[in-house]
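The values are calculated or read from the model by the stated rules, or taken from the named source; none is laboratory data. Just so you know, these numbers come straight off a predicted model, no measurement behind them. FYI the Cβ positions are ideal-geometry reconstructions off the backbone, even for glycines, and counts take in every protein chain you see. Surface areas here come from the heavy atoms of the whole protein model, side chains and all, with no ligands, DNA or RNA. Shrake-Rupley method; radii C 1.70, N 1.55, O 1.52, S 1.80 Å.
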Amino acid sequence: MSELPMTAEARHDFADLASRPVLKRKRPGQLIAMVVVGLFALMGAYVIATNPGFGWPTVAKYLFDVRILNGLLTTIELTAIAMVLGLVIGLVIAVMRMSDNALLRGVAGAYIWFFRGTPLMVQMLFWGFAAVLFPTIGIGIPGGPMLVEWNTNDVLPLFVAGILGLGLNEGAYMAEIVRAGLMGVPAGQSEASHAMGFSRMETLRHVVIPQAMKIILPPVGNETISMLKTTSLVIVIGVGDLLYNAQQIYARNLQQIPLLIVASLWYILLTTILSLVQARIEKRYSRGNTIQARKA
């Protein structure tokens, strides 16, 4: 069907309409909301700045205190080691959960059921009081004498107990994350790998896991950020992390709020850094998906 010719007058009217600026509809509700939020923000900032209970001079005094920095280092160490332990355990448990062997699936399911079903603080306390159940740990003949024996408190100091409590608990959650990532890889990838002569472990290592990382990485980043803050639970067994050291200081000078602010500022800083690193890693792993989406 041929288009009707446009008259000169119609073309002029069309050009006139096109040259006019687009008027945005006024939304008074947004303006009112901005004003209200701004007022509350100003009120909050004023209270925080003028309330002497916050003790900002004390915050500045202890922000870089040696005891605080030592606790900060311990918190970072706990986070890193517990996450590595949790990731390794999670990978093993996830593979066991996907095994054809009913016994392996049952053991993996029982592990996840137990560590997700009991509070982390209770698990932490059990590890802290392990010497009550087993005063000594050794190697010996079943039903016979012990050949080598050690004191449990020497083998399992509080720092190690904190790592075990955090890492074993994290392994249960990481197992489900890894399992979801492995199941997200198309089955055809494994079938093609087997057709090329790869064994099951080689397929898992060289084909499945690299592709599953795109699914696994975002929740692993969230778990790492969560672990950073969860390490504060080691305070119940006396591990000298950031919060514990802050507590020891305010137990002497009775400046509870300023010292809690000091700890919170360091937690916020570390969380921000981890969030930026997570965003960079996710962006790098999502490049392939972006290119495919553009091609589509």
Would you mention how many residues in the stretch 114-128 are in contact (Cβ under 8 Å) with a residue 60 or more places away in the chain and either open to solvent by 60 Å² or more (accessible area, probe 1.4 Å) or among the small types (G, A, S) (or both)?
-> 3
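Could you list, in sequence order, the residues of the stretch 197-208 that are exposed (fewer than 10 other Cβ atoms within 10 Å of the Cβ) and not in a helix (DSSP H, G or I)? I'd like the intermediate steps shown before the answer.
Restricting attention to the stretch 197-208, the residues satisfying the condition of being exposed (fewer than 10 other Cβ atoms within 10 Å of the Cβ) are 197, 201.
Answer for the stretch 197-208, where residues must be exposed (fewer than 10 other Cβ atoms within 10 Å of the Cβ) and not in a helix (DSSP H, G or I): just G197.
Take the stretch 232-257 and flag every residue that is among the hydrophobic types (A, V, I, L, M, F, W, C), part of a helix (DSSP H, G or I) and surrounded by 18 or more Cβ atoms within 10 Å (Cβ to Cβ).
Just the residues of the stretch 232-257 that are among the hydrophobic types (A, V, I, L, M, F, W, C), to begin with: 233-237, 239, 242-243, 246, 249, 251, 254, 257.
Right, trim to part of a helix (DSSP H, G or I) and you get 233-237, 242-243, 246, 249, 251, 257.
Listed by number, the residues that qualify are L233, V234, I235, I237, L242, L243, A246, I249.
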Check the stretch 147-159 and report whether any residue there is modelled with pLDDT under 80 and either at negative phi or open to solvent by 40 Å² or more (accessible area, probe 1.4 Å) (or both).
-> yes
Among the numbered conditions (1) within 29 Å of G238 (Cα to Cα); (2) open to solvent by 70 Å² or more (accessible area, probe 1.4 Å); (3) among the small types (G, A, S), tell me where A131 comes up short.
-> (2)
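Of all the residues that make up the stretch 158-192, how many are within 21 Å of L120 (Cα to Cα) and without any contact (Cβ under 8 Å) to a residue 24 or more places away in the chain? Break it down stepwise before answering.
Going through the stretch 158-192, the residues within 21 Å of L120 (Cα to Cα) turn out to be 158-178.
Okay, now just the ones that are also without any contact (Cβ under 8 Å) to a residue 24 or more places away in the chain, so 160.
The number of residues fulfilling the criteria is 1.
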Within the stretch 210-231, how many residues are free of Cβ contacts under 8 Å to residues at least 40 places away in the same chain and either buried (at least 19 other Cβ atoms within 10 Å of the Cβ) or of a type in the set (D, E) (or both)?
-> 2
Residues of the stretch 97-113 satisfying the condition of being under 15 Å from R179 (Cα atoms) and outside any helix (DSSP H, G or I) = M98, S99, D100
Sole residue being closer than 18 Å to L164 by Cβ and of a type in the set (D, E, K, R), chosen from R105, R116 = R116
Mind checking whether some residue in the stretch 54-62 is surrounded by 10 or more Cβ atoms within 10 Å (Cβ to Cβ), modelled with pLDDT of 85 or more, in contact with a helix residue (DSSP H, G or I) (Cβ under 9 Å, 6 or more places away or on another chain) and not in a helix (DSSP H, G or I)?
-> yes
Can V185 be described as outside any helix (DSSP H, G or I), in contact with a Gly (Cβ under 9 Å, 6 or more places away or on another chain) and either modelled with pLDDT under 95 or open to solvent by 40 Å² or more (accessible area, probe 1.4 Å) (or both)?
-> no
